[in-house]
Amino acid sequence: MQSISKIELDAKNQGVAIRGEILDDEDNSSESGVITEYADKNNFDLIVRESKGRSKLRRLLTEGLANVVVNNAKTLVLVVR
């Protein structure tokens with residue numbers, strides 16, 4: 001929770017409107033589905049996701065959550081490390 005508060009404070013200090021949310025997967029959907037559906041229902045302009053910085057081989061073998069969100073979201077997605 002502390003990291004979200006810091007990000008919100010930094011963004012607000014730069015004049016960026018931001019709303020941080022922690023979502024619970026209550027209906028046993030996929031994490032990416034919960035994120036993209038929530039963004040759609042709330043008319044988000046942008047989803048910001050972290051990337052774990054995996055190696056190229058690891059990325060080929062597994063599809064990370066950030067990648068799934070990027071491929072399934074109807075809104076813009078910014079992936080940061």
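The values are calculated or read from the model by the stated rules, or taken from the named source; none is laboratory data. Owing to the predicted nature of the structure, the values given are computational and were not obtained by experimental measurement. Using ideal geometry, Cβ is built from the backbone for each residue, glycine included, and neighbour counts are taken over all protein chains shown.
If I go through region 31-81 residue by residue, how many of them are assigned to a helix (DSSP H, G or I), exposed (fewer than 10 other Cβ atoms within 10 Å of the Cβ) and modelled with pLDDT of 70 or more?
1
Within region 17-30, work out how many residues are surrounded by 10 or more Cβ atoms within 10 Å (Cβ to Cβ) and either within 21 Å of residue 81 (Cβ to Cβ) or at pLDDT 75 or above (or both).
5
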